[in-house]
Amino acid sequence: MAFGMSRNVMRPTDSPRADRVTYVELFFDLVFVFALTQLSAYLYENQTPMGVLEGVIMVCALWWAWVSTTWVTNWLDPAKLPVRGAVIALAFIALLMSVSITEAFGERAWTFAIAYVLLQVGRTIFIVWATARHDPSVSKDFARVLVWTGASASLWIIGAVLPLPWQLPLWVAALGLELLGTLLGFPVPGRGRVLIGAWDLSGPHIAERTALFVLITLGETLLVTGFTFAGKESSTETIAAMAAAFLTAAAAWWIYFDHGERIGSEAIEASDEPGRLARTAYTWIHLAIIGGIVLVSVGDKEALSHPHEAGLAPTVAVLGGPLLFLVGTVLFRRVLEERWPRTQLAGIAGFATLAAVAVVVSLDALLMSILATALLVAVAIGETVERVRRGRRAGG
């Protein structure tokens, strides 16, 4: 019997379903709402250099697990029962990974590593099998991906077995191996490599899926703020911190969705190398955007819980998130529009200056949060004004 699924579960290319985000994909995303709240809680409780490194590993792992699944559902149709069942199974595995986050470098290292490996390896095996008869080129590409994923999986498992001094470098190496694979095209001796630039992708699907994840991450910041505020007595300080957190989330939404989000699908559809463009803009650069928003929630909680705290750790927590978010959106716009958004560059310079001042004069967390909010709102307003003026000049 020939290898591969007999039923064709590929996304149709000649119907409205080709680009549509399905409800089961949104169900899969719901698991990551919990994962992000766990991650922000871990970062808040571990504001040390070691905690930062561990947090970076976990946010990279979560993002890689999510975005890799998004790429797979760009080829496979979640409306088909086998794919729908696979996505639900992956959601359960992602839930196991999520509940292990706070002890991923402790008692639940095994659970986190095994869940991550099952998610990555299982999903890749499924697409190899599902496409073998119906699109052999995709199946062969993901067979190459599977080789690299398997090598990375061994490092995750070995790292979970060994003590922390070995776990950290092994997990960093595992993530690095997966990143190196995407850079090199997952080369396998005697089998060639993946020509990612030649992949025929649905630009609207990739763009909408990623935008929805950005929205979920922003929702996580409001969730963390709401729960933290609910556990505090109302005061001028807590109300000010909550208002600043809401305005920061609104400004971040405005910066991302007012213009930048809309150009992604058009740029991919118009590109001669849609796969390469999508990989750069949505797999790599969006990691900075998501990481920045997660750190924003940590800063919001810091301003609510310790409004008068000052020093390097509160500065990184409160100002690092908006700064990283802006760096990500600037690079995103640069890749898609081939220009540098001046207002956002000015915002990055403003946050860098504010961070330097905060360390020198020991600004407290609440004041930094208010100033950061004002700066991010100014960037949102400035960019909108610039866009409107540019549109008028083009129209005139």
*Taking Asn74 as meeting all but one of (1) over 20 Å from the mean Cα position of the chain (by Cα); (2) closer than 26 Å to Pro12 by Cβ; (3) among the polar types (S, T, N, Q), write down the number of the exception.*
(1)
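Okay, residues lined up against (1) touching a Leu at 6+ places or on another chain (Cβ under 7 Å); (2) part of a helix (DSSP H, G or I); (3) at pLDDT 95 or above:
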position: Ile114; (1), (2), (3): no, yes, yes
position: Leu119; (1), (2), (3): yes, yes, yes
position: Arg133; (1), (2), (3): no, no, no
position: Ser137; (1), (2), (3): no, yes, no
*Could you check Trp166 against (1) within 30 Å of Arg11 (Cα to Cα); (2) free of Cβ contacts under 8 Å to residues at least 40 places away in the same chain; (3) aromatic (Phe, Trp, Tyr) and say which number it fails?*
(1)
*Qualifying position, being within 19 Å of the chain's Cα centre (by Cα) and either surrounded by 18 or more Cβ atoms within 10 Å (Cβ to Cβ) or free of Cβ contacts under 8 Å to residues at least 40 places away in the same chain (or both), among Ile263, Ile239, Ile255*: Ile255
*Assuming Trp199 fulfils every condition listed in (1) buried (at least 18 other Cβ atoms within 10 Å of the Cβ); (2) modelled with pLDDT of 90 or more; (3) in contact with a helix residue (DSSP H, G or I) (Cβ under 6 Å, 6 or more places away or on another chain) apart from one, which condition is it?*
(2)
_Being closer than 23 Å to Trp284 by Cα and either in contact with a strand residue (DSSP E or B) (Cβ under 8 Å, 6 or more places away or on another chain) or surrounded by fewer than 17 Cβ atoms within 10 Å (Cβ to Cβ) (or both) is the filter here; which residues of segment 347-365 pass it?_
Ala349, Ala352
*Filter segment 281-314 down to the residues that are surrounded by fewer than 23 Cβ atoms within 10 Å (Cβ to Cβ) and hydroxyl-bearing (Ser, Thr, Tyr), then identify the one that is farthest from Ala245 (Cα to Cα).*
Thr283
*For the subset of segment 146-157 comprising residues that are under 16 Å from Leu118 (Cβ atoms) and in contact with a Phe, Trp or Tyr (Cβ under 8 Å, 6 or more places away or on another chain), which member is surrounded by the most Cβ atoms within 10 Å (Cβ to Cβ)?*
Trp156
*Specify which of the listed residues (Ala174, Ala207, Ala249) is surrounded by 21 or more Cβ atoms within 10 Å (Cβ to Cβ), outside the structural domain of Leu277 (by TED's automatic domain parsing) and in contact with a helix residue (DSSP H, G or I) (Cβ under 9 Å, 6 or more places away or on another chain).*
Ala174
*Pick from segment 12-29, criterion under 24 Å from the mean Cα position of the chain (by Cα) and at pLDDT below 85, ranking: surrounded by the fewest Cβ atoms within 10 Å (Cβ to Cβ)*: Ala18
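The values are calculated or read from the model by the stated rules, or taken from the named source; none is laboratory data. The structure presented is a predicted model; accordingly, all values stated were derived computationally and were not measured. Neighbour counts run over all protein chains shown; Cβ positions are idealised from the backbone, glycine included.
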